[in-house]
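Contents: one structure, followed by commentary.
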Amino acid sequence: MLIRIKTNSTTEGFEVASAEQIDSLQIFVESATELEESNFVAQAKDGISTSARQLVDRTVLLERRGPEHEAVKALLLTVRFFYQDNETSIKKTADLIQGLAVDNALKAEFKAIREQFNTFLDAASPIKFQSSVGADTNREIFETFLYGYFAHANREKRRRVKAWEDKPYFNDLRAQFDAVLVKFVKTVVAFKAVCAKVLTELGA
């Protein structure tokens, strides 16, 4: 089944949307709403921070303030669908929109949001320490915690997290991971707005 739409000079030569493509866009929007309304987002509004305080026995207690472990874990079930190469991933959705007969401005908007997010992920981490620990960029911190701490899908990344756990900067890295997740959700919500406009233009 194909969704027929009226084309103009900016959309000629592109394909009309199939029912499967419409489904993919709708699933993207629905999944983005799940992130937007998650417990993680609600808890993150209370702030993300780290602190250190000295106890009476002169030991130093390092603490992290932010979303609870279970809230993060639940969020990541959906985040992985967007990040990995699935049918509703950011990459697949970008490719889908680029091939549809919709306004080029919508394609450019989606592309710009994606480029800005990739720039953020590849930017230097604000956590300052020796560069040899494998956390030079936001992407490295994000993927290490995602695949080495929460998903346990990568042994090398799991060993890296284990090495971090004994370091005084561990809570700072963990808090930065939360901050990257907040940015991830905001980016997906921006994608959601574009997808909604694409669906409207397609008459779906």
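Miscellaneous remarks
- Amide H to amide H distances under 5 Å link Leu100 with no residue, where only residues 5 or more positions off or on other chains count and H is placed in the peptide plane.
- Cα-projected label distance for Ala163 with Thr137, points at 7 Å along beta-carbon direction, nm: 1.9
- DSSP loop GluC sites (Glu not before Pro) with at most 15 other Cβ within 10 Å excluded, longest remaining stretch of the chain: 88-204
- Multiplying the residue separation of Asp23 and Ala124 by 0.36 nm and removing their Cα-Cα distance gives an extension gain of 32.7 nm.
- Exposed-site-free run, longest, the chain (rule: trypsin sites (Lys or Arg not before Pro); DSSP loop; at most 15 other C-beta within 10 Å): 129-204
- In the chain, helices alone account for a calculated mean residue ellipticity at 222 nm of -19000 deg cm²/dmol, with every DSSP H run of four or more residues adding -39,500 (n - 2.57).
- Most mobile of Phe191, Phe170, Phe28 in a GNM of the chain (Cα contacts under 10 Å): Phe170
- Solution diffusion estimate, µm²/s, Stokes-Einstein, the chain, Kirkwood Rh from C-alpha pairs, 25 °C, viscosity 0.890 mPa s: 131
- Each part reduced to its alpha carbon centroid, the range 74-102 and the range 123-187 end up 23 Å apart.
- Relative contact order of the chain, taken over Cα pairs closer than 8 Å and 6 or more residues apart, is 28 percent.
No value in this document is a laboratory result; all are computed from the given coordinates. Note that the structure is predicted; figures quoted are calculated from it, not measured. We place every Cβ from the backbone using ideal geometry, glycine too, and count neighbours over all the protein chains shown.
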